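Just so it is clear, none of the values below were taken in a lab; they were calculated from the coordinates. Note that the structure is predicted; figures quoted are calculated from it, not measured. Cβ: placed from backbone, ideal geometry, glycine included. Neighbour counts: every protein chain shown.
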Amino acid sequence: MPARSQAALPIPVRRVLRKLGTDIRDARRRRRIPTAIMAERAFISRTTLNKVEKGDPGVSLGTYATVLFILGMTDRLAELADPTHDPVGLGLEAERLPQRIRIRPFPRVETKGGS
């Protein structure tokens, strides 16, 4: 039976985490890195590495990031929520742009002395 937190996850989230785990496992295997060495490099147990490779949502994001770092893939992690890759956010921002921009005159400052 899945943990409570995992049961509360939307199905697409569970799928993408499983895919991430599988992709991490495949990348490790392509590099011929044994699980014991990978876990040691990431300062985690082999059990935690196994959870990462299964896409367990209970594993911290920091652990996933560390494993990706060891595989040389952190640059892609930094791009996940980059605003330039957010068409919905950019579209909403564009909708909120003003239709017209008005220049407001500066208020007059009255000086004492009457000149």
Just name the residue that is farthest from ALA7 (Cα to Cα) out of those in segment 21-54 that are surrounded by fewer than 15 Cβ atoms within 10 Å (Cβ to Cβ) and among the hydrophobic types (A, V, I, L, M, F, W, C).
ILE37
Quick check on segment 74-88. Is at least one of its residues assigned to a helix (DSSP H, G or I) and more than 14 Å from the chain's Cα centre (by Cα)?
yes
Going through segment 81-115 in order, the residues found to be surrounded by fewer than 10 Cβ atoms within 10 Å (Cβ to Cβ) and among the acidic types (Asp, Glu) are ASP82, GLU95, GLU110
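How many residues are free of Cβ contacts under 8 Å to residues at least 12 places away in the same chain and more than 29 Å from ALA7 (Cβ to Cβ) when one looks only at segment 55-75?
So the count comes out to 4.
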Would you say ILE44 is in contact with a helix residue (DSSP H, G or I) (Cβ under 8 Å, 6 or more places away or on another chain) and not in a helix (DSSP H, G or I)?
yes
Can you give me the number of residues within segment 47-68 that are closer than 17 Å to GLU79 by Cα and within 14 Å of the chain's Cα centre (by Cα)?
6
Is it true that ARG28 is in contact with a helix residue (DSSP H, G or I) (Cβ under 6 Å, 6 or more places away or on another chain), more than 27 Å from ILE11 (Cα to Cα) and not in a loop (DSSP other than H, G, I, E, B)?
no
